[in-house]
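Q: One structure follows; several queries about it will come next.
The values are calculated or read from the model by the stated rules, or taken from the named source; none is laboratory data. Keep in mind it's a predicted model, so treat the numbers as computed, not measured. Every residue, glycine as well, gets a Cβ built from its backbone with ideal geometry; the counts of neighbours run over all protein chains shown. When the accessible area is computed, the model is the full protein with side chains, heavy atoms only, and any ligands, DNA or RNA have been set aside. Shrake-Rupley method; radii C 1.70, N 1.55, O 1.52, S 1.80 Å.
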Amino acid sequence: MTSPTLDLRVSEPSSPRFLPLLLILFVGSGCAALIYEIVWLQQLQEIIGASAISLGVLLGTFMGGMCLGSLVLPWIISPRWHPLKVYALLEIGIGLVGIGVLYGLNPITAMYTDSAGHGANSIGLRAVVAAVFLIPPTLLMGATLPAISRWVKTTPKGVEWMGFFYGGNIGGAVFGCLLAGFWLLRLYDMPTATYVAVAINFSVAAIALLLATRSPYTAVSSDEIVIEPIEKQSGTGMIYIIIALSGLSALGAEVVWTRLLSLMFGATVYTFSLILAIFLVGLGIGSSIGAMVARSSDHPRRSLAACQLLLCGAIAWTALNISRSLPYWPINLDYSMSPWYTFQLDLARAAWAILPGAIFWGASFPLALAAVATRGRDAGRMVGGVYAANTLGAIVGSIGFSLFVIPAITTVGAQRVLIGICAFSALLAFMPCLFGSDGEESEGELESPSGMAGRLATAGVAVLIIAALIITIAPMPWISVAFGRQQSLWFKSADPEMYPATAEIGASPSKLERYCVYVGEGMNVSVAVTRDSNGWQYFHGAGKVQASSNPQDMRLQRMLGHLSVLAHPNPNDVKDVLVVACGAGVTAGSFVPYPNVKNVTIVDIEKLVPTVVTPKFSSVNYGIVDGIAEQNPKKMPDGKQVRVIFDDGRHFVRTTREKFDIITSDPIDPWVKGCAALNTIEYYTMCKEHLNPGGVMSLWIPLYESNVETTKSLISTFFQVFPNGIMFSNDDRGEGYDAVLFGINQDGPAQINLDELAALLARPEYQTVKTSLTDVGFGSNKFGGGNSNGEEGVIVDLLATYAGQAADLTKWRADAQINTDRNLRLQYLAGMALNTYVPTDILRSMTDYYRFPTEVFHGNSQRLDALRQALSSTGRHEKVAPTSAP
């Protein structure tokens, strides 16, 4: 006699009225999951870096854990267990692991820092760190949907509810994304966000356990029921391939579209949250629609095929909007300084562009469930299999498109590939129907030549339409890559001959060479180089100018290098220099004239910049990286060695064992997502620890596209690590623009002796240094004080950029919000202020506390008087009325 075997078909829930409440629980679960995802990825990027490779490792690990959880745990956990209890235990487990990740970060960080290096050799170790943190909680997250699916049958009604659960989970993810990005992390910090997510997990678990007591569950044995014949659908194995391809195209598209839209909107943390939220909203809407269609459709495979086919048009729609519509919307950001109006506008633009595709991807999941559903199947294993296939495709899509496809064939080619993938997926889904082998036609239809001919003709028309869609994919206008969110102002105000509105990346080669010197899409960022009517060249990144040969920018870039050496306690002892962020290479090149500098290390996250962009500025950067693509490190004629490291600057500083005499940091604007990690207490402390005694750190800061609150955060954070720090201003006779922060690794203030510096510049071997300074106006009395182009005039003019020091700005900094690894406060403050342009007001708020620092500047009385006079003539210390908003 055989023992009863478990029939994986379970009874309907004894209390179907609880299903809507369970849907709400899934909303909470999705909300907590997105909060965790944002926090964990942010925390781990601080450890293993923010490069595309590091982000690929993190996303791959995160989604890989969810894939494994959805696939494996339904086979480990018996169907005899009450699904609600299993679900509750999973939520409790996620919360507990979330707390563990929060408090386990520091010891793992220490071990990683001691063991890791930079470059490709450290990728494996980065993956290990990511796996230690992310695999345990994501395994549990991935198992929640399969676990709760066992509470319903694999019937049309049950599949509909599975689709609703999936949609509810995504709906919660939308809320979690916005909650974390616009409230928890903006006003609080990552631990607070983690506690909120844990509280949601525990609340969901408590409610699920309460429902379990109200809704008994029994797994029915085969001895107790009559087993109905299992309905067999042909080719269900192919559905897993189709839904995997759907996940691949969805995440690939998200990578491409986020990259392009963030250029147009401004790459702030809020922009990324908005784009992700819209994409998730589309998935949620689509999954709800797909769930309803799945319940009523007799042929869900055909509906799935239709979704994949319609995705070809949806992708083309988004590409059309990004390249030929959104860039030309008449948007003037000067109309309002309030960020909330801009957020609404960006939300509308993102929804207009990407909602159609997201809806079709969302609908594909419940339709795939319906296509594989058969009576008698374990709902948990069925849902887990489909979810795992979809997630596996998403892993390939996110990593493949960010690391390989976009760098190799650009975003234009990537979007064409996406259409091809969706077309192939539709073909696989339609194949049985196309050849009459899906068992859904009558025998007469199967044998009818006219029926087959009609199908083939329809397929031929579809192929022609898809080919036309692929051909019509156009690149984003180069002016959008260069000027981003300000592009409409450039269309309106720029010389039409200089910046023709119709010029695109693929336009006339002669125009491209004349106006847009270069456009490229690297692994981490899209860049451009343009030339204006004066012959000045501009390097663009993140949709704005980051460096140029414009006189005012040249002055700042040379200041950053020359002040670092000349204000060093022993300029003749400076040998090893680290430059974080290459840009146009002008700052790095400013160290070339110094005879004692022997080693210049440049760290840049994007390989395209030092190897392609920077050499285009060789006339102003002393050819610092010319030929670096072929010889890295390279030896310069005077014996200097220049080495370029392609890595995140923070990661390099964290993991290197080298020490330097000077570290200069010229990162991208603080409102750009991720830049705040290069401006935290912890980062500055790491830099200070990698300075030799008396070593100097200098940092560029913008006063434009900012406000007082943001500037206070940036400056106060720096001065907290360098309490004797100094600020030098790159202004135009009191009109603010940007500045240099200067810190020194010693007790007591910097000692800058004007007599010694003048003598230094008088030496023959320093004539190139002097020329480097006079070339950008120092010594010409153009920028504030020097009355001759001799050594004294150059030095006085350079030091007349002094704007204040930490000790004098104590009162001004009293209410500053310090930027730390825990809160990354700067990127949230800066993201709210990027449409604000009050640089003079910001500068005056600091120079109101100005006094001549006799403890810093030394020398004979004549030179000190010349410096005092120069400082008084800058116009920097005069009271001015606040600039009103436009």
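Q: Given R₀ = 51 Å, FRET efficiency for Arg214-Thr810 by Cβ-Cβ distance, to 0.05? Intermediate results must be reported in sequence, preceding the final value.
A: Details: r = 61 Å, r/R0 = 1.21.
E between Arg214 and Thr810, to the nearest 0.05, is 0.25.
Q: Also, quick follow-up: Could you work out how far helix 708-721 tilts from the main Cα principal axis of the chain, as a 0 to 90 degree angle to the nearest 10?
A: 70
Q: What part of the accessible area of the range 366-420, given as a whole %, is carbon or sulfur when the probe is 1.4 angstrom? Present the calculation step by step, with values, prior to reporting the outcome.
A: Values: 930 of 1410 Å².
Summing carbon and sulfur atoms, their accessible area is 66 percent of the total for the range 366-420.
Q: Provide the FRET efficiency to the nearest 0.05 for the Ser203-Trp183 pair, computing r from the beta carbons and using R0 = 25 Å.
A: On the way: r = 18 Å, r/R0 = 0.72.
Efficiency, from the Cβ-Cβ distance: 0.90.
Q: Equivalent ellipsoid semi-axes for the range 582-635, as square roots of 5 times the alpha carbon gyration tensor eigenvalues: give them largest first, rounded to whole Å.
A: On the way: eigenvalues 55, 30, 20 Å².
So the three semi-axes of the range 582-635 are 17, 12, 10 Å.
Q: Consider the candidate values (1) 87, 64, 60; (2) 108, 58, 52; (3) 101, 72, 57; state which one is Cα extents along the principal axes in Å computed from the structure displayed.
A: Only one option fits the structure, namely (2).
Q: Continuing with this model, one more query. Taking the Kirkwood radius as the inverse of the mean 1/r across Cα pairs, report the Rg/Rh of the range 594-752. Let's see the in-between values first.
A: On the way: Rg = 16.4 Å, Rh = 17.0 Å.
So for the range 594-752, dividing Rg by the Kirkwood Rh gives 0.96.
Q: Once label points are set 7 Å from the Cα along Cα→Cβ at both Thr472 and Glu756, what is their separation, rounded to one decimal in nm?
A: It is 7.0 nm.
Q: Shifting gears a bit: Classify the range 250-312 as rounded, prolate or oblate from the Cα gyration tensor: take a ≥ b ≥ c as the square roots of its eigenvalues, call it rounded if a/c is under 1.5, otherwise prolate when a/b beats b/c and oblate if not. Walk me through the numbers on the way to the answer.
A: Working: a/c = 5.03, a/b = 2.34, b/c = 2.15.
Prolate, since a/c reaches 1.5 and a/b exceeds b/c.
Q: Starting from the 7 Å offset along Cα-to-Cβ, what nm value, one decimal, do you get for the label separation of Asp638 and Arg868?
A: About 3.6 nm separates the two model spin labels.
Q: Can you compute the helix-only [θ] at 222 nm over the chain? Use -39500 (n - 2.57) per DSSP H run of at least 4 residues, normalise by all residues, nearest 500 deg cm²/dmol.
A: Values: 29 runs with 491 residues, N = 886.
-18500 deg cm²/dmol, from helical runs alone.
Q: Could you grab the Rg to Rh ratio for the range 785-847? Cα atoms only, Kirkwood for Rh. Before the final figure, lay out each step's value.
A: Details: Rg = 16.9 Å, Rh = 14.8 Å.
Here the Rg-to-Rh quotient is 1.14.
Q: Does anyone have the angle between helix 269-296 and the longest principal axis of the chain? Alpha-carbon axes, 0 to 90°, nearest 10?
A: Taking Cα atoms only, the helix is inclined about 10 degrees.
Q: Are there any GluC sites (Glu not before Pro) in the range 667-741 that are in a DSSP loop and have at most 10 other Cβ atoms within 10 Å? List them by number.
A: Values: sites: Glu682, Glu689, Glu705, Glu709, Glu735; in loops: Glu705.
Loop-located and lightly packed - none at all.
Q: Where the accessible area of the range 674-735 is counted over protein heavy atoms with a 1.4 Å probe, how much of it, in %, is carbon and sulfur? Display every interim value, and only then the final one.
A: Numbers: 770 of 1530 Å².
Answer for the range 674-735 is 50 percent, counting heavy atoms of protein chains only.
Q: Here's a follow-up. Quick one: dipole size for the chain, taken about the Cα centre, charges +1 on Lys/Arg Cβ and -1 on Asp/Glu Cβ, in debye to the nearest 20.
A: Working: 59 positive and 67 negative charges, 161 e Å.
Computed charge dipole of the chain: roughly 780 debye.
Q: Here's a follow-up. So how tilted is helix 156-179 from the main axis of the chain? Cα-based, degrees 0 to 90, rounded to 10.
A: The answer is roughly 10 degrees.
Q: Given a 1.4 angstrom probe, what's the average accessible area per residue across the chain, in square angstrom? Don't skip to the answer; put the middle values down first.
A: Values: 32300 Å² over 886 residues.
Averaged over the residues of the chain, the accessible area is 36 Å².
Q: Would you mind estimating how fast the range 293-385 diffuses translationally, via Stokes-Einstein at 20 °C and 1.002 mPa s with the Kirkwood radius over Cα pairs, in µm²/s? Provide the component values of the computation, followed by the final result.
A: On the way: Rh = 16.0 Å.
The Stokes-Einstein estimate is 134 µm²/s.
Q: Given labels modelled 7 Å from the Cα in the Cβ direction, how far is it in nm from Gln552 to Arg657?
A: 4.7
Q: In addition: Would you mind checking Lys607/Lys688; Lys544/Lys712; Lys598/Lys634; Lys607/Lys634; Lys575/Lys634; Lys607/Lys770 for any pair whose Cα atoms are more than 20 angstrom apart? Walk me through the numbers before you get to the answer.
A: Details: Lys607/Lys688 26 Å; Lys544/Lys712 23 Å; Lys598/Lys634 12 Å; Lys607/Lys634 16 Å; Lys575/Lys634 16 Å; Lys607/Lys770 32 Å.
Distance filter (> 20 Å) returns Lys607/Lys688; Lys544/Lys712; Lys607/Lys770.
Q: Turning to a different aspect of this structure: Is the range 19-62 best put as rounded, prolate or oblate by its Cα gyration tensor, with a ≥ b ≥ c the root eigenvalues, rounded for a/c under 1.5, and otherwise prolate when a/b is larger than b/c, oblate when not?
A: Numbers: a/c = 5.79, a/b = 3.11, b/c = 1.86.
Here the range 19-62 falls in the prolate category.
Q: Another question, then. With point charges of +1 on the Cβ of Lys and Arg and -1 on the Cβ of Asp and Glu, referenced to the Cα centre of the range 704-815, which listed residue (Val794, Leu809, Gly743) lies farthest in the positive direction of the dipole?
A: Final value for the positive-end residue is Leu809.
Q: Hey, another quick one. Classify the range 722-762: rounded, prolate or oblate, from the alpha-carbon gyration tensor (a ≥ b ≥ c, eigenvalue square roots; a/c under 1.5 rounded; otherwise prolate if a/b is larger than b/c)?
A: Because a/c hits 1.5 or more and a/b fails to exceed b/c, the range 722-762 counts as oblate.
Q: Just subtract the alpha-carbon distance of Asp848 and Asn692 from 0.36 nm times their residue separation and send over the number in nm, one decimal.
A: Numbers: separation 156, 0.36 × 156 = 56.16 nm, distance 3.40 nm.
Computed gain between Asp848 and Asn692 is 52.8 nm.
Q: Okay, next question. In the chain, which longest range has no trypsin sites (Lys or Arg not before Pro) that are both DSSP loop (not H, G, I, E or B) and surrounded by at most 12 other Cβ atoms within 10 Å?
A: Working: sites that count: Arg80, Lys232, Arg657, Arg733, Lys811, Arg851, Lys879.
Answer - 233-656.
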